[in-house]
């Protein structure tokens, strides 16, 4: 029984890496996770929609005014209910990560990695479906008629005279770094 526990126990170094991972997850809350930048001849400096886990920033009123012409719904916090609870989920994830560091158990770490992986996939799908809804549910009464479209999560898209660049924000890079730090103990303590 004692040997079994030792086999599933993570090292102190691994526990420290997992603790740093928890800190990075908390830090990610204070940075943008995703953004879109709209460029056009009349807006060479670009217009931004910047998405944090709990709010939208940027020139949203201008973008909504322009999107009205093609019949697109307004970008607003009300249209993204995820922004009302996402920061709590991320905080909970940070607490689970810290608990994993304290317990130093490989099985718990596997479970945490599974939760983060599933959460990441759900998050990407949620964003994709939101973008699909915005780009395909265009009002038939719009003054300018365009074909439905789906803006990419990462990459470039052109609609009328606007070129849109979709980019990951700094916050997501903190989360990616946190996830990598969780994988290192699996390799480091693999022979234990």
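The values are calculated or read from the model by the stated rules, or taken from the named source; none is laboratory data. Here the structure is a predicted model, which is why all the values come from computation and not from measurement. Quick reminder, even Gly has a Cβ in these numbers, built from the backbone with ideal geometry, and neighbours come from all protein chains shown.
Does residue 125 qualify as being out of contact with any strand residue (DSSP E or B) (no Cβ under 8 Å at 6 or more places or on another chain), over 20 Å from residue 33 (Cα atoms) and part of a helix (DSSP H, G or I)?
Answer is no for this residue.
Report yes if some residue within region 134-147 is within 19 Å of the chain's Cα centre (by Cα) and either under 15 Å from residue 37 (Cα atoms) or surrounded by 14 or more Cβ atoms within 10 Å (Cβ to Cβ) (or both); otherwise report no.
yes
Within region 148-188, take every residue that is in contact (Cβ under 8 Å) with a residue 60 or more places away in the chain, within 30 Å of residue 23 (Cα to Cα) and part of a loop (DSSP other than H, G, I, E, B) and give me the one that is farthest from the chain's Cα centre (by Cα).
In this case the residue turns out to be 153.
Quick one: which residue in 58, 91 is surrounded by 13 or more Cβ atoms within 10 Å (Cβ to Cβ), modelled with pLDDT of 95 or more and under 17 Å from the mean Cα position of the chain (by Cα)?
The match here is 91.
Say we look at region 118-132 and pick out the residues that are loosely packed, with under 14 Cβ neighbours inside 10 Å and in contact (Cβ under 8 Å) with a residue 24 or more places away in the chain; which of these is nearest to residue 178 (Cα to Cα)?
The qualifying residue nearest to residue 178 (Cα to Cα) is 124.
Looking only at region 98-109, filter to residues that are touching a residue at least 12 places away in the same chain (Cβ under 8 Å) and surrounded by 11 or more Cβ atoms within 10 Å (Cβ to Cβ); which one of those is nearest to residue 174 (Cα to Cα)?
It comes out as 98.
Residue 114 is checked against (1) under 20 Å from residue 28 (Cβ atoms); (2) in a loop (DSSP other than H, G, I, E, B) and fails just one. What number does that condition carry?
(2)
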